[in-house]
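Down below is the structure, laid out as structure tokens.
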Amino acid sequence: MLFTISESDVLKALRRVQDPARGQDIVTLGMVSGLHVAKGDVTFLLTVDSAQGVAMEPLRQAAEDAVAKLRGARKVSAILTAEREPANDAPPVAAKKGPAPLREMPAVRQIIAVASGKGGVGKSTVAVNLALGLRRAGLSVGLMDADIYGPSIPRMLNLHEKPVIGENKKLVPLSTYGLKVMSMGLLVDEAAPMIWRGPMVQSAVRQFLEDVEWSNDGAMLDVLVVDMPPGTGDAQLTLAQKVPLSGAVIVSTPQDIALIDARKGLEMFRRTDVPVLGIVENMSYFCCPHCGGRSEIFGHGGARAEADKLGVPFLGEIPLHALIRTLSDAGTPVVAARPDSAEAKPYLAMAQMVADSLKSKAAAA
Ligand SMILES: Nc1ncnc2c1ncn2[C@@H]1O[C@H](COP(=O)(O)OP(=O)(O)OP(=O)(O)O)[C@@H](O)[C@H]1O
Ligand SMILES: [Mg+2]
């Protein structure tokens, strides 16, 4: 006989889960919403204070377990969400132009965002190799994975250790290849079905800036590279407004559609007064690993022409090359593993251009 679960079965099970901080069950507290039950598959949202995000993970797990124990339950997903921002944060739309001051300035001289209009264009690969290139240019560098929806930096740098809390109650970033690294992927189980809504993303990113010990043995970090979540939605816009960014690097692929998306990304930074340090064209041409031949599958020159038209620097073309992917997948990015290879060259050249423009910005300030 087949057992079917009803919404009231699920709610009954959830009434047995208490929020330890408030001593009442999560249904009575009004934390459960968006309940969806279909043939034993159960999904629901658990609304928490955006300031408490990660700390609520055990409660999310407990809620999921309580429902999973029901007879007939198949796949159960409890999704943490934050509808409201903490009272001291202005809502995204009303936020005034320019970054609101952080509660405590992070120990970082300059913050640059690596962004793209759409996903999958190689943003994280660029962020990692740019950070490594800036390190090779002699700067002290941090890398922050703000892609809370799909953090990939830990995999790209083969990092698995859970960060510890240091003496000053701040999270200690992990160190690898001379970089200081922090990612949400290091703090939560990669498989946890967590969907962070806009406000949650912002507060997580702010927390990363404020509560991570970025300083280098007491000295300020020269530059923090931020791998942004893909897209140009509210979350990204607010990020651009609230984090004191020194500049943004836009990653695009040569197809027209990706360029249109890149333009959206660029517009977003312009609207928020964040200087665009340049556009980099990824997967610009295909490098055959067998004959070394170059094929321009998507045409050529689109991003450079676009950058010229928009009056922003062009930071170069990165080939689509199997080595770039395999080294990334192995946790040893090309700039670290093969700094002298032809594939590392465009990343190093881009890093030098970014370092130069940061230097001139710092001199002008
Ligand atoms: N130039 C390149 N040559 C070959 N493979 C590449 C190149 N750039 C990126 N890749 C590969 O493409 C895939 C997507 O890259 P990446 O994760 O950097 O993109 P992303 O824009 O950060 O994606 P997401 O939007 O999911 O965060 C990865 O497997 C990566 O190794
Ligand atoms: Mg990414």
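The values are calculated or read from the model by the stated rules, or taken from the named source; none is laboratory data. These numbers were taken from a predicted model, which means no experiment stands behind them. Cβ atoms come from the backbone with ideal geometry, glycine included; neighbour counts cover every protein chain shown. Accessible surface areas use protein heavy atoms only, side chains included; no ligands, DNA or RNA. Shrake-Rupley method; radii C 1.70, N 1.55, O 1.52, S 1.80 Å.
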How about segment 32-46: which of its residues are over 11 Å from S77 (Cα atoms) and buried (at least 21 other Cβ atoms within 10 Å of the Cβ)?
V32
Of all residues making up segment 5-31, the number that are in contact with a strand residue (DSSP E or B) (Cβ under 9 Å, 6 or more places away or on another chain) and open to solvent by 30 Å² or more (accessible area, probe 1.4 Å):
10
Within segment 115-141, residues in contact with a strand residue (DSSP E or B) (Cβ under 7 Å, 6 or more places away or on another chain), part of a loop (DSSP other than H, G, I, E, B) and within 11 Å of ligand 2 (Cβ to nearest atom) come out as S116, V121, G122
All-but-one check, G185 against (1) modelled with pLDDT under 90; (2) under 30 Å from A219 (Cα atoms); (3) within 16 Å of ligand 1 (Cβ to nearest atom); (4) open to solvent by 20 Å² or more (accessible area, probe 1.4 Å), failing number (4)
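In contact with a Cys (Cβ under 8 Å, 6 or more places away or on another chain), among the basic types (K, R) and open to solvent by 20 Å² or more (accessible area, probe 1.4 Å): does that describe R294? Talk me through it step by step, then tell me what you get.
Values: in contact with a Cys (Cβ under 8 Å, 6 or more places away or on another chain): yes; among the basic types (K, R): yes; open to solvent by 20 Å² or more (accessible area, probe 1.4 Å): yes.
Considered against the rule, which asks whether it is in contact with a Cys (Cβ under 8 Å, 6 or more places away or on another chain), among the basic types (K, R) and open to solvent by 20 Å² or more (accessible area, probe 1.4 Å), R294 comes out as yes.
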Residues satisfying the stated conditions in segment 145-165, i.e. buried (at least 19 other Cβ atoms within 10 Å of the Cβ) and outside any loop (DSSP other than H, G, I, E, B)
D145, I153, P154, M156
From N168, N88, grab the single residue that is in a loop (DSSP other than H, G, I, E, B), at pLDDT 75 or above and surrounded by fewer than 18 Cβ atoms within 10 Å (Cβ to Cβ).
N168
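Within 16 Å of ligand 2 (Cβ to nearest atom) and either out of contact with any Ser or Thr (no Cβ under 7 Å at 6 or more places or on another chain) or modelled with pLDDT of 80 or more (or both): does that describe M144?
Values: within 16 Å of ligand 2 (Cβ to nearest atom): yes; either out of contact with any Ser or Thr (no Cβ under 7 Å at 6 or more places or on another chain) or modelled with pLDDT of 80 or more (or both): yes.
In short, yes.
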Among the numbered criteria (1) away from ligand 2 (no atom under 16 Å from the Cβ); (2) touching a residue at least 40 places away in the same chain (Cβ under 8 Å), which single criterion is violated by P333?
(1)
Any idea how many residues of segment 341-350 are over 15 Å from A248 (Cβ atoms) and either among the hydrophobic types (A, V, I, L, M, F, W, C) or open to solvent by 50 Å² or more (accessible area, probe 1.4 Å) (or both)?
5
